[in-house]
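Derivation of every value follows stated rules applied to the coordinates shown; laboratory data play no part. Just so you know, these numbers come straight off a predicted model, no measurement behind them. Cβ placement follows ideal geometry from the backbone for every residue including glycine, while neighbour counts extend to all protein chains displayed.
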Amino acid sequence: MNKSINIKKFKNLAKALAKENIIVEYQTDWSKSVNGSYALSDRPYIGSGNYNGVEGWYFKRNSNKNFTAKEKNKIKEILLKKGFKSKGFSKYEVEYDNDRSYRPTFSFIFSL
């Protein structure tokens, strides 16, 4: 069972990452998206996952560029400072038939 978490904690995490030029994907603010243009909200996209039986989350990068070793280390450091623990990274991936692509992500859980 996962502890409840306030959205502010995720927003603060995304802001701390942005200070290191690690930009995550944000949700679309549909109330401000008009005439074919999309406006982003202040809320990062938060995916949910299960990592060896522990509930957690993942953030998507806002581009298809894979994380460098230096960025991975910085992400792990920031996660720890914010009360989380890294559970892994995924690379940019395209399905075998080029039908879909998946942005790089990093997953994390509450620090135990």
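Set Lys and Arg Cβ to +1 and Asp and Glu Cβ to -1, take the dipole of region 40-112 about its Cα centre, and tell me which of SER63, SER111, LEU40 lies farthest positive.
Sorting the options by dipole projection puts first SER111.
Explain nothing, just the number: dipole magnitude of the chain about its Cα centre with +1 on each Lys and Arg Cβ and -1 on each Asp and Glu Cβ, in debye rounded to the nearest 20.
640 debye
Are there any GluC sites (Glu not before Pro) in region 23-112 that are in a DSSP loop and have at most 13 other Cβ atoms within 10 Å? List them by number. Please list the in-between numbers first.
Details: sites: GLU25, GLU55, GLU71, GLU77, GLU93, GLU95; in loops: GLU25, GLU95.
Filter output for region 23-112: GLU95.
Select from region 21-109 those trypsin sites (Lys or Arg not before Pro) which occupy a DSSP coil region and have at most 13 other Cβ atoms within 10 Å, ordered by residue number.
Within region 21-109, the qualifying trypsin sites (Lys or Arg not before Pro) (loop, at most 13 other Cβ atoms within 10 Å) are LYS32, LYS65, LYS91, ARG100.
Please give the calculated 222 nm ellipticity per residue for the chain, where each DSSP H segment of at least 4 residues contributes -39500 (n - 2.57) and the sum is spread over every residue; nearest 500 deg cm²/dmol?
When only DSSP H runs of four or more count, the value is -7500 deg cm²/dmol.
Using Cα pairs under 8 angstrom and six or more residues apart, how large is the relative contact order of the chain, in percent?
24 percent
Over the chain, what portion of Cα pair distances is larger than 18 Å, expressed as a whole percent?
Here the long-distance tail beyond 18 Å is 53 percent of all Cα pairs in the chain.
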